[in-house]
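Laboratory data are not the source of any read-out in this text; all were calculated from the coordinates shown. Since the structure is predicted, the reported quantities are computational estimates derived from the model, not experimental observations. Glycine also receives a Cβ, built like all others from the backbone with ideal geometry; neighbour counts cover every protein chain displayed.
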Amino acid sequence: MTDKAPSKFVVVGGGTAGWIAAATLAHAMKGRVGEICVIESDEIGTVGVGEATIPPMQFLNSMLGIDEIDFVKKTQATFKLGIEFRDWTRLGHSYFHPFGLHGMPIEAVSFHHYWMRLRQHGDTSAIGDYSLATVAAREGKFVIPPRDLPPELPQLGYAYHFDAGLYARYLRDYAEKRGVKRIEGKIVEVKQRAADGFIEALELEGGKRIEGDFFVDCSGFRGLLIEQTLKTGYEDWTHWLPCDRALALPCDSVSPRTPYTRSTARKAGWQWRIPLQHRIGNGYVYSSPFISDDEAAATLLANLDGAPRADPRPLRFTAGRRKKAWNKNVVALGLASGFMEPLESTSIHMIQTGIFRLLSLLPVGVRDEATVEEYNRLSKIEYEQIRDFIVLHYKATERDDSELWRYCKDMAIPDSLAHKIELFRARGRIARFDDQLFAEPSWLAVFLGQGVEPNHYDRLADVAPLADIERRLAGVRQTIAQIVQGLPTHDEFIARHCRAEPLG
């Protein structure tokens, strides 16, 4: 930080990360705290991460004052009730990770303990039968729920699928209307202060110099400021997350559009399927030691729902994070801050939380190392907690049909994840720390979906008479079934309320 409060914020790179940062800064500062500019080159492509999202994105849009229906139309978006996982536990098996609760707590005891109690007495209902999102997804139904639903009714959580390029353009328009200046050009040199190494200016092709007080690095994998210039260092998690490459391509849309993302485990990784209004986004995330690039491309092309619209686009990455997300007067966001494979659609959320964290800890004009340390401490916690959730998908598998899955079954895992697994196996309890992103319903869905079964349930679930619990759980299933029966299909809802115009 400098001797004065920053008056000029420079965002390096556009794309999803750069324009989320610019739009959020512009909204928060309202032109009264500092000037904001984005340096972006049309010649440098963006990865386009984050075509599938999670529910906290609703908060981002709401905070920015974005109209939900307009956003859906302008980004060719569809709605997402969760993620279907195919072949992760074993070949031919599938489970669903929904948004929202399974049932409701009873007498302050988590709902799934009562479900486990009934199972011991012969009940055969699936945990998903108590999730409104799961049942609606199964039936291909969707509606934006009213904001004033009675609390005793099952809640429907949802997120979005959208075109990341269109979303970046949407936020660029938003930001520019609020005073953000876009500067076209390639950065050829980064100028540092001799005294302390802080960034003071960026030189563009043609000699133009852009000075700034604080820099937000959204330059993607290369980390132009955070790594190439400041040599921050990188924490490599390949031993836990062995996938290091991806191929991505769009294909033609098919009907009906499913209101969920699909993740299908393959021999050497997994394939995503993200349905938008105008196309389906597809990709194969894989581990290069276990499959060739040509075989990965052939696998992806052989498993599309529609005709491909492009050749597979290759990406290379190393799972992990920068050792510091904030270094000197630079904060890294998006791929510049690290890479977490998009298995649970966390890319945009981590951009969102990163910029919110910056807003809460804006430099105040003194060399406040405690502020920098707090930002980095919180960033590290977030990365590690999301890492553990993703590693769980790989570790908790019965598959032994390929080298990758045999490696994952046998690999050592972080102590923090080992504790979570042991606690759930012992008594069906889910350990959560520091307000982590994924709440109890998410861990429950993946634990149970991938065969991590508890040995015992909470004994407080034995207090109520069995007949009462049977009646209450049957009532939850019946209520959910009745609600879903009355919902429009996902395609019908889009056609009535938010159909996008065809792209020219």
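For each of Glu492, Glu382, count neighbouring Cβ atoms within 10 Å of the residue's Cβ, then give the residues from fewest to most.
Working: Glu492 15, Glu382 23.
Fewest-to-most ranking of Glu492, Glu382: Glu492, Glu382.
As a footprinting exposure proxy, order Arg90, Arg316 by other Cβ within 10 Å, with the fewest listed first.
Sorted ascending by nearby Cβ count, the order is Arg316, Arg90.
Once the Cβ-Cβ distance of Gln485 and Ala307 is raised to the sixth power relative to R0 = 35 Å, the FRET efficiency obtained is 0.50.
Annotation: average projected area of the stretch 245-316 is 4.4 square nanometres, based on the convex hull of Cα atoms across all directions. The stretch between Glu453 and Gln478 holds 6.4 nm of extra length on full extension. This uses 0.36 nm per residue minus the Cα-Cα distance. Summed over qualifying helices (DSSP H, 4 residues or more, each -39500 (n - 2.57)) and divided by its residue number, the chain shows a 222 nm mean residue ellipticity of -10500 deg cm²/dmol. Under the shape rule built on the C-alpha gyration tensor, where the axes satisfy a ≥ b ≥ c, the stretch 379-455 is oblate, since a/c reaches at least 1.5 while a/b does not exceed b/c.
If both residues of a DSSP beta bridge must be in the chain, then about 70% of such bridges are antiparallel. Neighbour counts of other Cβ atoms within 10 Å put Lys409, Lys328, Lys73 in the fewest-to-most order Lys409, Lys73, Lys328. Across the options Val143, Ile386, Ala17, the greatest Cα extent toward the positive end of the charge dipole of the chain (unit charges at beta carbon of Lys, Arg, Asp, Glu) belongs to Val143.
Give me the percent relative contact order of the stretch 245-316, please, defined on Cα pairs under 8 angstrom at least 6 residues apart.
Working: 135 pairs, mean separation 32.3, N = 72.
Contact order relative to length: 45 percent.
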